[in-house]
1. Restricting to the chain, compute how many DSSP beta bridges are antiparallel as a %, nearest 5.
2. Within segment 1-35, what residues put their amide N at less than 20 Å from the label point 7 Å along the Cα-to-Cβ vector of Lys103?
3. Between Ala14 and Gln81, 0.36 nm times their residue separation minus their Cα-Cα distance comes to what?
4. Considering only protein heavy atoms, what per residue accessible area in square angstrom results for the chain with a 1.4 angstrom probe?
5. What FRET efficiency, computed as 1/(1 + (r/R0)^6) with R0 = 22 Å and r the Cβ-Cβ distance, is obtained for Ser70 and Thr112, rounded to the nearest 0.05?
6. For the chain, what is the relative contact order in percent, using Cα pairs closer than 8 Å and at least 6 residues apart in sequence?
7. Considering only protein heavy atoms and a probe of 1.4 Å, how much of the accessible area of the chain is carbon and sulfur, as a whole percent?
8. Obtain the nm distance between the two label points defined at Phe31 and Ile56 by a simple spin-label model: each point lies 7 Å from its Cα along the Cα-to-C-beta direction.
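The values are calculated or read from the model by the stated rules, or taken from the named source; none is laboratory data. The structure presented is a predicted model; accordingly, all values stated were derived computationally and were not measured. Virtual Cβ from ideal backbone geometry, glycine too; neighbours counted across all protein chains shown. Ligands, DNA and RNA are excluded from the accessible area calculation, which covers all protein heavy atoms including side chains. Shrake-Rupley method; radii C 1.70, N 1.55, O 1.52, S 1.80 Å.
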Amino acid sequence: QVQLVESGGGLVQAGGSLRLSCAASGSIVSFINMGWYRQAPGMQRELVAGISRGGITKYSDSVKGRFTISRDNGKRTVFLQMNSLKPEDTAVYYCNADPSVPKYWGQGTQVTVSS
């Protein structure tokens with residue numbers, strides 16, 4: 001059984017940085033593509049960054065050049081380094097497989113960027 005626990009969110013001023021972590025139980029996580037998603041109020045959940053088992057990354061246009069996804073397969077952890085944060089990055093951030101698996105959704109971590 002896979003459980004994903006996100007952490008590292010918080011309140012930050014525009015231009016600031018945060019580093020999110022996703023700790024996973026279940027060894028399968030080390031062998032699948034993973035992603036970071038976010039959901040802003042009134043919006044659909046969207047994939048903002050993905051990383052393959054081998055470390056190939058992809059980003060949505062809205063975060064490209066500002067966010068960096070990485071993973072430590074041995075520790076079953078996925079990270080999202082977020083720099084140059086903007087108010088429009090305010091959302092709940094989740095990690096999941098890519099493509100997402102419904103039963104893997106966790107509670108997420110709130111990121112709030114003030115202007």
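1. Working: 34 of 38 bridges.
So the antiparallel bridges amount to about 90 percent of the total.
2. 1-6, 23-35
3. Numbers: separation 67, 0.36 × 67 = 24.12 nm, distance 1.49 nm.
Here the answer is 22.6 nm.
4. Values: 6030 Å² over 115 residues.
Dividing the accessible area of the chain by its residue count gives 52 Å².
5. Values: r = 23 Å, r/R0 = 1.05.
The pair Ser70/Thr112 has a calculated efficiency of 0.45.
6. Details: 284 pairs, mean separation 42.0, N = 115.
Here the relative contact order equals 37 percent.
7. Numbers: 3010 of 6030 Å².
Carbon and sulfur together cover 50 percent of it.
8. The two pseudo-label positions are separated by 1.9 nm.
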